Amino acid sequence: MANLTDAEMKSAVLYMFNVGTVTEKSPATATAVGGEDYKVVEGMNVYLGVVPGSVIRAHPGDYPAAVSANAPTGSEQRYVTIALFDGKNGQRITDAVVTARVAGATQASAEKSLKPVTVAGALTYGDYFSMAGASAYKITVHIHRPGLPSVVETEFQHKTQ
């Protein structure tokens, strides 16, 4: 495993989530997922990625078939993805059950199970959610890992553009 700093790991994960939307010559764009996109909780590093469905539909070859083949129509559709790493050893966490709920100012989604998907050779968890217009959203994530006594919850703030 590569020995990366937290900033390098964050940049790599954000690039992975935003294939086709981030250019190599524009590192500031790598954080364009908006809002908070990284948390350390209960010994896990949790990364959030949000990709507009329109980007996935426009570049289906850049995404796994499990993601691009199921991209719903509509400009409000966003693919929410979570990557998990062990905070002690940096190893990717691949045995979790992850759910998420997206809430805006006037509406909230049902909680959905995020499907395990391999993106750029690495496992992430994701699904589509409706996030209309330029608005602020709270994304609540629940993580259950075998052997842990309780479900871990964390929240992210995300602003769509």
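The values are calculated or read from the model by the stated rules, or taken from the named source; none is laboratory data. Since we're looking at a predicted model, the values are computed, not measured. Quick reminder, even Gly has a Cβ in these numbers, built from the backbone with ideal geometry, and neighbours come from all protein chains shown.
Looking only at region 54-76, which residues are small (Gly, Ala, Ser) and either without any contact (Cβ under 8 Å) to a residue 12 or more places away in the chain or assigned to a loop (DSSP other than H, G, I, E, B) (or both)? Answer for region 54-76, where residues must be small (Gly, Ala, Ser) and either without any contact (Cβ under 8 Å) to a residue 12 or more places away in the chain or assigned to a loop (DSSP other than H, G, I, E, B) (or both): GLY61, ALA65, ALA69, ALA71, GLY74, SER75. Scanning region 20-42 for residues that are at pLDDT 90 or above, closer than 21 Å to ALA122 by Cα and not in a strand (DSSP E or B) returns a single hit, ASP37. With respect to (1) within 14 Å of the chain's Cα centre (by Cα); (2) more than 19 Å from THR160 (Cβ to Cβ), the lone exception for ALA69 is condition (1).
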